[in-house]
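Any read-out appearing in this document is the output of simple, stated calculations on the displayed coordinates, not a laboratory observation. All figures in this text were calculated on a predicted structure; none of them were measured in a lab. Positions of Cβ are generated from backbone atoms using ideal geometry, with glycine treated the same way; all protein chains shown enter the neighbour counts.
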Amino acid sequence: MSRGPFTVGERVLLLDTKRRRHLVVLQAGGAFHSHAGIVAHDDLIGAPEGTRVRTTMGARLTAVRPTLAEYVLEMPRGAQVIYPKDLGAILVHADVFPGARVLESGVGSGALTMTLLRALGPDGHVLGYEIRDDFAGRARRNVEAFLGPDVPLTVEVRDVYEGIEATDLDRILLDLPEPWRVVPHAAGALTRGGILCAYLPTILQVATLRAAIAESEFGMAQTFEVLHRTWHVEGQSVRPDHRMVAHTGFLTVARLLTPEAARPDASDASDAPDAPEDTDVTDDPGS
Ligand code: SAH
């Protein structure tokens, strides 16, 4: 990631006083046109990040490099992207670690892909299965525009419902309509202890997925959603914003266990009694 003064070819986010955002790629002699006037790219090239420029009509614009969260909301999209609030939760709850081997399907616009690549570092690898050739190309362009061309990413145009060829994967991340159709072959592609994570917009899809997980060698399943409410903070007027993104999707994570461990509890009837409920690590830490 770059730092220091803006240089030719970089992407810059311009924010106006109403917080509208515009993403521009700096070119020598280029110009940014908006209803509030024009800014010459040459006024930005060589300027420090965070600088303020004025348009020909006197409007003020602040210039910064886009963060990953800002970029995914501004980049060209083919498919709907996973929102930043969910991207962060996926990294932690799917426990994406530097060097991990990850399968992602579908790849869509590449928002999750670039988030993963940043977390995995140069020793990790993302294998993307995307059914649509045009989305695969769009995702690759979006990723490279943000992270550069040297990323450990392979995108294959194929249907993940038909099977997974890779083996010994650490994580499988799914953002597509019927992830339950992936569960049987995900069990063969992941290493034991590996994590499956699926993002789904509706709760009936979650119920179908959880039923498939219950029948599989996956266990320790959890489903949750992330609520992110921004606040208006201006002098003494401090309150939640009136509008929020109230719903995006539900996240479900599960771990690949040994076949014995994944069997329903009924078959362990002769074993020692289960641990008391309050040792459940998913419990509210306050309880
Ligand atoms: N997570 C992505 C968005 C994915 S949108 C992002 O953050 O940008 C869902 C994608 O899944 C679409 O691109 C769609 O083409 C793809 N898809 C749907 N069914 C699929 C299948 N069976 N195999 C592979 N990709 C599939």
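Could you work out the mean projected area of the convex hull around the alpha carbons of the chain, in square nanometres to one decimal?
19.3
So if I take the centroid of the Cα atoms in the range 181-250 and the same for the range 68-123, what is the distance between those two points in Å?
Centre-to-centre (Cα) distance: 14 Å.
Placing +1 on the Cβ of each Lys and Arg and -1 on the Cβ of each Asp and Glu in the chain, which of 131, 13, 262 has its Cα farthest towards the positive end of the resulting dipole?
13
Which one of 99, 224, 154 has its Cα pushed farthest toward the positive end of the charge dipole of the chain, where Lys and Arg give +1 and Asp and Glu give -1 at the Cβ?
Value: 154.
Select from 15, 147, 209 the residue whose mean-square fluctuation is largest in a Gaussian network model of the chain (Cα-Cα springs shorter than 10 Å).
15
For n ≥ 4 DSSP H runs only, could you compute -39500 (n - 2.57) per run for the chain, divide by its residues and tell me the 222 nm figure to the nearest 500?
Calculated from helices alone, the mean residue ellipticity at 222 nm is -6500 deg cm²/dmol.
Could you list the trypsin sites (Lys or Arg not before Pro) in the range 171-255 that lie in coil according to DSSP, counting only those with at most 14 other Cβ atoms within 10 Å of their Cβ?
229, 243
How large is the charge dipole for the range 70-261, taken about the Cα centre, if only the Cβ atoms of Lys, Arg (+1) and Asp, Glu (-1) carry charge, to the nearest 20 debye?
With Lys and Arg at +1 and Asp and Glu at -1, about 460 debye.
Kindly express, to the nearest 10 degrees and within the range 0 to 90, the angle between helix 84-93's C-alpha long axis and the longest C-alpha principal axis of the chain.
So the inclination is approximately 40 degrees.
Can you list residues whose amide H is under 5 Å from residue 155's amide H, if they're 5+ apart or on another chain and H is modeled 1.01 Å from N?
So residue 155 has HN proximity to 128.
Among 205, 61, 163, pick out the residue whose Cα is farthest towards the positive end of the charge dipole of the chain, where Lys and Arg carry +1 and Asp and Glu carry -1 on C-beta, about the Cα centre.
61
How many Å³ per residue does the convex hull of the Cα positions in the range 54-196 occupy?
122
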